[in-house]
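Worksheet for the structure shown next.
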Amino acid sequence: MDRVPILKIGDVLIVSIQGDLDDQSVLTLQEDLADRVVATGAIGVIIDITAVEIVDSFVGRMLSTIAGMSRMLDAETIVVGMRPAVAITLVELGLSLGGLRTALDLEKGVALLSRHGTQGTSDLSAVGL
Amino acid sequence: MAVQENISRRHVEALLRDNEDGILGRWVQISNEPLRGRAVENDTRKELQEIYHAFLRSMEDPDGASELRGLLSDLSRSRARQGFTPSETAMAVFGLKEAVYEFVETDGGEEALRGFIWLSRTIDGLGLYTFESFTAAREKIITDQTEQLLELSTPVVKLWEGIVAVPLVGTLDSARTQVVMEKLLQTLVDTGSEYAVIDITGVPAVDTQVAQHLLKTVMAARLMGANCVISGIRPQIAHTIVTLGIEFGDIVTKATLADALSYALRQSGVQVAGMRPGRAAVRAEEA
Amino acid sequence: MSHPPAPRTVEELTITSNDEVVTVRQKVRATAIELGFSLVDQTKVVTAASELARNTLVHAGGGQANITIVQNGARRGIRLVFSDNGPGIPDRQLALTDGWSSGGGLGLGLSGSRRLMDEFVLESEPGRGTVVTVTKWTR
Ligand SMILES: Nc1ncnc2c1ncn2[C@@H]1O[C@H](COP(=O)(O)OP(=O)(O)OP(=O)(O)O)[C@@H](O)[C@H]1O
Ligand SMILES: [Mg+2]
């Protein structure tokens, strides 16, 4: 079982998922991230899935759960780098991932965080959970 | 029985070997007959001669059969490309039966006749194989051409730094829309663009499936972190979408490509001199 | 010489752990690439396989996955069969409804895989087990 490393840069936690994770590793990552948000008081979480070849309902649910948990801990989650094939498949699968913020790549994700991080999270409360 | 068949086979084999020139010549003639000059006699002779030799080899050595099948596939492929029908191509193979028969008749012996029955069955198998590989070859040609057409007819252009557009022209079917969708999304990644304009000014009508594909494109783009604007929806198409009960939800739509561009520019924080605010709204009312 | 080629089974895999669900995904991907599926179609097939393999593990306590190459004229396809001897599905219609889950799932595994593949057959007998057969053809 692989453990996905979580990096901290400034106020932001960055996770870059590499390769094909089994379900247990996915759950472990979810718990690790919640712990780290609390421990570090991070204002944002960026999950980079550029290297991820499929997102099924299990991983999709993990992404939504992380977003929901971090929101309660006053941090915002942004998923970056979703591949076109993955996005098309997710839509067909029926997963809308409502409430999840996304960006094309890591750089744009960071920019999005700094834009919103200082303005508070008023517009996020409307998005699910 | 098996021994008997073997003897008959040998007999035919000898017959084919001894009369190669005669049989081959007749075969070429027969298979070219219905083509009326569409095939060059010399080419046909070379093709059929190769098959003839491979056929003889396959009678000696069972491993030779794959070589023979390879040659038949080549024949099918080249004829499919030249526009022959599958029966014309299969007939070329069946023609060998007729050519051999004429020589069996001359021989007149019982062995020759029995051998011919065996040969006839074998050639039928080869003819059917040719028919099948022909059909496969033609299907391949058709799918390749369709793909090329799809590629050509879906240009995705970069309008501005961070904004790409795809102007769709003509009838949209489900397959084409899907290709557009994939290409557009890939272009977003390749150019790092956060805005995509799908302009359907040139599209006369959309059906439910196409509307669904457009909708899915917008949703997929969102998952990737980009925004889509659909421009140029004709009143007729708007009507279709409403009547079909398709939920376009909070998708941004604009009357023209220019309106969509100025919207995307504004959203991404670009200030453009001479950009008239409110223009989009005015146009939308006109439409 | 002229009969259609018989379906060719390329993998017979057991699904008894999370690791083996990953293996199913990887073998399905390899077969889809071998068949020349587009990237999008590969992704759809692998995602459906992931959903169905997980169902076999989670809802039936394990089972089997078979990967087969099938042919129809010039088109080739990948066929996946997930079978188990688990509790079965009492109401197949309900199980195929978007958003319905007997547990805490999203209820998208079965209905979503049906959309992702070209053919979908769900056979199940309560108390005896479930067989899900899905096929996708190259375009
Ligand atoms: N192999 C199986 N054996 C028994 N029951 C099954 C099997 N596969 C599916 N089911 C039943 O069908 C229901 C729907 O399955 P589906 O995969 O759509 O949703 P889910 O697994 O509950 O959630 P998820 O969206 O996370 O996959 C399941 O909740 C389960 O009750
Ligand atoms: Mg499931």
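Looking at the structure I just gave you, is C:Thr9 farther than 30 Å from B:Met181 by Cβ, assigned to a helix (DSSP H, G or I), of a type outside the set (A, V, I, L, M) and more than 9 Å from every other protein chain (Cβ to nearest Cβ)? No. Restricting attention to segment C:23-47 and to residues that are closer than 18 Å to A:Leu21 by Cβ and in contact (Cβ under 8 Å) with a residue 12 or more places away in the chain, the residue that is surrounded by the most Cβ atoms within 10 Å (Cβ to Cβ) turns out to be C:Thr47.
Is it true that some residue in segment C:4-16 is farther than 16 Å from A:Asp20 by Cβ, free of Cβ contacts under 8 Å to residues at least 60 places away in the same chain, in contact with a strand residue (DSSP E or B) (Cβ under 8 Å, 6 or more places away or on another chain) and within 16 Å of ligand 1 (Cβ to nearest atom)? Looking through segment C:4-16, at least one residue is farther than 16 Å from A:Asp20 by Cβ, free of Cβ contacts under 8 Å to residues at least 60 places away in the same chain, in contact with a strand residue (DSSP E or B) (Cβ under 8 Å, 6 or more places away or on another chain) and within 16 Å of ligand 1 (Cβ to nearest atom). In segment C:85-127, the residue that is nearest to the other protein chains (Cβ to nearest Cβ) out of those that are away from ligand 2 (no atom under 12 Å from the Cβ) and among the polar types (S, T, N, Q) is C:Thr97.
Hey, does segment A:8-28 have a residue that's part of a helix (DSSP H, G or I) and surrounded by 23 or more Cβ atoms within 10 Å (Cβ to Cβ)? Checked against the condition, which is being part of a helix (DSSP H, G or I) and surrounded by 23 or more Cβ atoms within 10 Å (Cβ to Cβ), segment A:8-28 yields no hits at all.
Here segment A:43-83 is the region considered, the condition is being out of contact with any Asp or Glu (no Cβ under 9 Å at 6 or more places or on another chain) and of a type in the set (S, T, N, Q), and the residue that is surrounded by the most Cβ atoms within 10 Å (Cβ to Cβ) is A:Thr77. Checked against the criteria, C:Thr130 counts as within 15 Å of ligand 2 (Cβ to nearest atom), touching a residue at least 60 places away in the same chain (Cβ under 8 Å) and more than 14 Å from chain A (Cβ to nearest Cβ).
Of the listed requirements (1) within 16 Å of ligand 2 (Cβ to nearest atom); (2) over 18 Å from A:Thr89 (Cα atoms), C:Ile69 misses just one: (1).
Any chance segment B:202-210 includes a residue that's exposed (fewer than 14 other Cβ atoms within 10 Å of the Cβ), more than 22 Å from the chain's Cα centre (by Cα) and among the hydrophobic types (A, V, I, L, M, F, W, C)? There is at least one residue in segment B:202-210 that is exposed (fewer than 14 other Cβ atoms within 10 Å of the Cβ), more than 22 Å from the chain's Cα centre (by Cα) and among the hydrophobic types (A, V, I, L, M, F, W, C). Scan segment C:70-88 for residues that are closer than 20 Å to C:Ile33 by Cβ, open to solvent by less than 10 Å² (accessible area, probe 1.4 Å) and touching a helix residue (DSSP H, G or I) at 6+ places or on another chain (Cβ under 8 Å) and the total you get is 2. If only residues of segment C:89-116 that are hydroxyl-bearing (Ser, Thr, Tyr) and more than 7 Å from ligand 1 (Cβ to nearest atom) are counted, the one that is most open to solvent (accessible area, probe 1.4 Å) is C:Thr97.
Of the helices (runs of 4 or more DSSP H) contained entirely in segment B:105-224, those carrying at least 3 residues that are closer than 30 Å to B:Gly95 by Cα and outside the structural domain of B:Lys254 (by TED's automatic domain parsing) fall at B:110-152.
Assess whether C:Ile78 counts as being within 11 Å of ligand 1 (Cβ to nearest atom), outside any helix (DSSP H, G or I), β-branched (Val, Ile, Thr) and away from every other protein chain (no Cβ under 14 Å). Criteria not met by C:Ile78.
Residues that are of a type in the set (Ser, Thr, Tyr) and over 23 Å from B:Trp160 (Cβ atoms) within segment B:182-227 comprise just one, B:Thr208.
The values are calculated or read from the model by the stated rules, or taken from the named source; none is laboratory data. Just so it is clear, the model here is predicted, and its values are computed rather than measured. Backbone-built Cβ (ideal geometry, glycine too); neighbour counts: all protein chains shown. Note: areas computed on protein heavy atoms with side chains; ligands, DNA, RNA excluded. Shrake-Rupley method; radii C 1.70, N 1.55, O 1.52, S 1.80 Å.
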